[in-house]
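Before any comments, here is the structure.
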Amino acid sequence: IRQSAAVMLRLRVKKHWNKISPNDRESLKAVVLQAFAVETEHKVQHSLSQLCAVMVKHETPDRWPALLQLLNQSTKSTNPHDRRIGLLLLNKVIESNPEPFKPHYCQLLQLFSTVLQDYDNPPALYYCILTLTAITAYTGTEEMKEMRAIIPSLIVALKHLIKADQEQASEAMEVLIELMEIEVSIIVPHIADIVRFCLEVGTDTALSDSLRVKALSCITFLIKLKSNSVLKLKLLGPILQSIFPILTAAPPAGEQDPEDEEDDCGDPTDSDNPKHSAAQMIDTMALHMPPEKLFHHLVPLTQACLTSENPYQKKGGLMCLAVLAEGCADYIRSKMLPSLLQTICQSLSDSNRVVRSAALFALGQFSEYLQPEVSKYCAELMPLLLGYLSTLSEAKIGHVTKVFYALENFMENLGSDIEPYLSTLMETMLSALNNMENLKIKELAVSAIGAIANAAKELLVPYFPPLSESLNGFLTATTEEMRPLQNQSLDTLAVLARTMGKDVFGPLAAECIQLGLKLTDAIDDPDLRRCT
């Protein structure tokens, strides 16, 4: 009941503060602080502190001296419980109004440097770090010295918080990203310590995935902002030595990595787990570090993976090659493309599906970022990809997605070199459109036809009649489950309109316009409207 009263009052105050008379405001301020001082239930204290935060928004801290006095007393109290509650209140009022407290920042930072050593009071550490995160964006040159001095204590406090509550620690670690983003010079003297701490957390398999991901993403962010400092401090070698075991780790017995699950159809470097964070870190290194320095450390590690008998070691090596393609494109083109493509080709024929999947992803990345050179290896690669297509019906959907990803990126830039493979490709695609039950596979096939059309152009004309017939059924679909396929069909129709030439597509122009107007009017779907 007390909590509900605080919540309802907060909503009222938020909207109608100006309608409250000055006398009532003063008595309300006094009552709220009094209630906070005697309250013992955490959830009520939490709601009361949020109520105070809304009132401060209207009143500014200096017009509420009693609040400042309560904060001062409680945060410096000898009683650990009082300190914890005082820091909760401080956190809520500052989080919602960081700027009005600016005159008090230096004093606050002195308080934080004391609180961060209160290791036996994890909630106090947590609220203190959240408050530090909230003021970071508003600090100026006058607070720099104190901010820098606080970093070593902050790292030790985070270690203690991890032991007490991993979820809170994961949220609190956001402070490191905030410090880097707002004023990276604060952390420059402490880069080595931050990297060591984050590697410790990121490599500890006893900790939660979300906490490990947060730690690894801190290093990734640091590499993005300060790659030169990371190199100068000779941290690149230790970082790679630490993250390669994460990249090549086998999943727990009886389980699979998320991207090897049967129904997965996303980008293997997307989701939230330590292995993907390790891959993203190498991706960021490739984009922000000189390739020769990066490859000096990476080559021995990657070679060891790729020559291993363990499928997860091989997969890790291939994932590493895949994420290097964008950032190190010129270096790979000029120095190592034939040997890397040979490795990928061999892996495409590996007996283990995990390895084959990773090789398809790597080939897709190479095809996307290393054009036009990759297209020269058409004779070696197309037969392998066509071999994959011949087993579509019994393959798992996640695997099929990766086949199409590699195939599309590779075909798109072939131009007339696609001709020898065109009949096999189109037979497979048309068969998938007409005979496959799975809507996802149909969607992938429609998308692939767009890529084929971009390469083949007028060579595709003979296939246009059966193709437009198949697409027509999808374009006029009305059910929700058909929507992704309908959208993809519209995108591919656009490619055909561009590539088939006026004589072939002209007769359909009026019909297409009518369809477009009808779809825009009849179906309220933003994606469909964009495609239309």
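What residues of the stretch 68-108 lie in the reach of a label at Ala149, counting those whose backbone N is under 16 Å from a point 7 Å from the Cα along Cα→Cβ?
Hits in the stretch 68-108 for Ala149 at 16 Å: 105-108.
Which of the aspartates and glutamates could a cross-linker bridge to Lys19, judged by Cα under 16 Å and excluding same-chain residues fewer than eight apart?
Glu59
Stokes-Einstein at 25 °C, 0.890 mPa s, Kirkwood radius from Cα pairs: D for the chain in µm² s⁻¹? Walk me through the intermediate numbers first.
On the way: Rh = 27.3 Å.
In µm²/s, the coefficient is 90.
Once every DSSP H run of n ≥ 4 in the chain is given -39500 (n - 2.57) and the sum is divided by its residues, what mean residue ellipticity at 222 nm do you get, rounded to the nearest 500 deg cm²/dmol?
Details: 28 runs with 392 residues, N = 532.
The per-residue figure over the chain is -24000 deg cm²/dmol.
Once you put a point 7 Å from the Cα of Asp272 and another 7 Å from the Cα of Arg498, both along the Cβ direction, what distance in nm separates them?
Label at Asp272, label at Arg498, 3.6 nm between them.
In degrees from 0 to 90, rounded to the nearest 10, what is the angle of the helix 80-96 Cα long axis to the longest principal axis of the chain?
That helix lies at roughly 60 degrees to the long axis.
Which log10 I(q)/I(0) values, to two decimals, does the stretch 162-256 give at q = 0.18 Å⁻¹ under the Debye formula with one point per Cα?
Calculated log10 I(q)/I(0) at the listed q: -0.84.
Give me the distance in nm between label points sitting 7 Å out from Cα along the Cα-to-Cβ direction at Leu231 and Met8, one decimal.
A separation of 6.4 nm, rounded to one decimal place.
Between Val31 and Ala379, 0.36 nm times their residue separation minus their Cα-Cα distance comes to what? Could you put the intermediate results ahead of the total?
Values: separation 348, 0.36 × 348 = 125.28 nm, distance 8.10 nm.
That pair, Val31 and Ala379, stretches by 117.2 nm at full extension.
Specify whether the C-alpha gyration tensor of the stretch 1-146 places it in the rounded, prolate or oblate class, a ≥ b ≥ c being the square roots of the eigenvalues: rounded for a/c under 1.5, otherwise prolate if a/b is larger than b/c and oblate if not. Each step should come with its number before you reach the end.
Numbers: a/c = 2.04, a/b = 1.35, b/c = 1.51.
Judged from the Cα gyration tensor, the stretch 1-146 comes out oblate (a/c at least 1.5, b/c at or above a/b).
Which shape class, rounded, prolate or oblate, goes with the stretch 287-328 when its Cα gyration tensor gives a ≥ b ≥ c as root eigenvalues, a/c under 1.5 marks rounded, and past that a/b bigger than b/c marks prolate? If you can, show how the numbers build up before the last one.
Numbers: a/c = 4.06, a/b = 1.80, b/c = 2.25.
Oblate shape, in that a/c is at least 1.5 and b/c is the bigger or equal ratio.
With a probe of 1.4 Å, find how much accessible area the chain has per residue, and write the answer as a whole number in Å².
Numbers: 24210 Å² over 532 residues.
Per residue, the chain has 46 Å² of solvent-accessible surface.
When the chain is fully extended, how far beyond the present Cα-Cα distance does Ser339 get from Thr391, taking 0.36 nm per residue of separation? Could you put the intermediate results ahead of the total?
Details: separation 52, 0.36 × 52 = 18.72 nm, distance 2.76 nm.
Result: 16.0 nm gained on full extension.
Please report the net charge: other residues with Cβ closer than 13 Å to the Cβ of Ala124, K and R +1, D and E -1.
Details: positive: Lys76, Arg83, Arg84; negative: Asp82, Asp118, Asp120, Asp165.
Residues near Ala124 contribute -1 overall.
First select every other residue whose beta carbon is under 12 angstrom from the beta carbon of Asn413; then total the charges, Lys and Arg +1, Asp and Glu -1. Present the calculation step by step, with values, prior to reporting the outcome.
Numbers: positive: Lys376; negative: Glu368, Glu373, Glu408, Glu412, Asp417.
Net charge around Asn413: -4.
Let a ≥ b ≥ c be the square roots of the eigenvalues of the Cα gyration tensor of the stretch 1-40; is it rounded (a/c under 1.5), or, if not, prolate (a/b larger than b/c) or oblate?
On the way: a/c = 3.48, a/b = 1.35, b/c = 2.58.
Verdict is oblate for the stretch 1-40.
Report, in degrees rounded to the nearest 10, the 0 to 90 angle that the Cα long axis of helix 353-369 makes with the longest principal axis of the chain.
90 degrees
Karplus couplings for the stretch 275-284 from phi (6.51 cos²θ - 1.76 cosθ + 1.60, θ = phi - 60°), rounded to Hz, Gly and Pro as x?
So the Karplus estimates, Gly and Pro as x, are 4, 5, 5, 5, 5, 5, 5, 5, 4, 5 Hz.
Find how many whole Å separate the alpha carbon centroid of the stretch 200-238 from the alpha carbon centroid of the stretch 64-142.
28 Å
Which whole-Hz ³J(HN,Hα) couplings does the stretch 235-250 yield from phi under the Karplus relation 6.51 cos²θ - 1.76 cosθ + 1.60, θ = phi - 60°, glycine and proline marked x?
9, 4, x, x, 5, 5, 4, 7, 8, 4, x, 6, 5, 9, 5, 7
Could you work out the local net charge near Leu211, counting Lys and Arg as +1, Asp and Glu as -1, over the other residues with Cβ closer than 14 Å to its Cβ? All intermediate terms of the calculation are to be shown ahead of the outcome.
Working: positive: Lys159, Lys163, Arg212, Lys214; negative: Asp165, Glu167, Glu171, Glu174, Glu200, Asp204, Asp209, Asp272.
Taking every other residue near Leu211 into account, the sum is -4.
Want the number for Asn18 to Gln69: 0.36 nm per residue separation, take away the alpha-carbon distance, what's left? If you can, show how the numbers build up before the last one.
Working: separation 51, 0.36 × 51 = 18.36 nm, distance 2.49 nm.
Using 0.36 nm per residue and subtracting the Cα-Cα distance, I get 15.9 nm.
Give the cross-link partners of Lys15 among the lysines, using a straight C-alpha distance below 16 Å as the criterion and excluding same-chain residues fewer than 8 apart.
Counting by Cα, and skipping residues close in sequence, Lys15 has these lysines nearby: Lys57.
Distance cut-off 32 Å, Cα to Cα: go down the list Lys234/Lys402; Lys76/Lys159; Lys402/Lys502; Lys76/Lys224 and report the pairs above it. Mind showing how you got there, number by number?
Values: Lys234/Lys402 37 Å; Lys76/Lys159 23 Å; Lys402/Lys502 34 Å; Lys76/Lys224 39 Å.
Over 32 Å apart, Cα to Cα: Lys234/Lys402; Lys402/Lys502; Lys76/Lys224.
Quick one: accessible surface of Leu125, probe radius 1.4 Å, all protein chains present, in square angstrom to the nearest 10.
0 Å²
In nm, to one decimal, how far is the Thr40 label point from the Ile513 one, both placed 7 Å along Cα→Cβ?
For the pair Thr40/Ile513, the computed spacing is 7.9 nm.
After finding the eigenvalues of the alpha carbon gyration tensor for the stretch 66-135, what semi-axes result from the square roots of 5 times each, listed largest first in whole Å?
Details: eigenvalues 61, 33, 23 Å².
In descending order, the three semi-axes are 17, 13, 11 Å.
Return the loop-located trypsin sites (Lys or Arg not before Pro) in the stretch 20-108 (DSSP other than H, G, I, E, B) with at most 13 other Cβ atoms within 10 Å of their own Cβ; answer none if there are none. Write out the running numbers ahead of the final one.
Details: sites: Arg25, Lys29, Lys43, Lys57, Arg63, Lys76, Arg83, Arg84, Lys92; in loops: Lys76.
Listed in order of number, the matching sites are Lys76.
Report the Cα centroid-to-centroid distance between the stretch 297-324 and the stretch 335-407 in angstrom, as an integer.
16 Å
Cα axis of helix 105-115 to longest principal axis of the chain: angle in degrees, 0 to 90, nearest 10?
Rounded to the nearest ten degrees, it is 90.
Carbon-plus-sulfur fraction of the accessible area of the chain, 1.4 Å probe, in percent? Don't jump to the answer; show the numbers that get you there.
Values: 12530 of 24210 Å².
Carbon and sulfur together cover 52 percent of it.
What are the aspartates and glutamates whose alpha-carbon lies under 13 Å from the alpha-carbon of Lys145, with same-chain residues fewer than 8 places away excluded?
Glu183
Given R₀ = 35 Å, FRET efficiency for Ser416-Ser351 by Cβ-Cβ distance, to 0.05? Write down the numbers at each step before the final one.
Working: r = 35 Å, r/R0 = 1.01.
Once the sixth-power term is evaluated, E becomes 0.50.
Any idea how far the Cα center of the stretch 410-427 sits from the one of the stretch 438-479, in Å?
Each part's Cα centre sits 14 Å from the other's.
The values are calculated or read from the model by the stated rules, or taken from the named source; none is laboratory data. Note that the structure is predicted; figures quoted are calculated from it, not measured. In this analysis, Cβ positions are derived from the backbone assuming ideal geometry, glycine residues included, and neighbour counts consider all displayed protein chains. The protein model used for the area step is the full one, side chains on, heavy atoms only, and it has no ligands, DNA or RNA in it. Shrake-Rupley method; radii C 1.70, N 1.55, O 1.52, S 1.80 Å.
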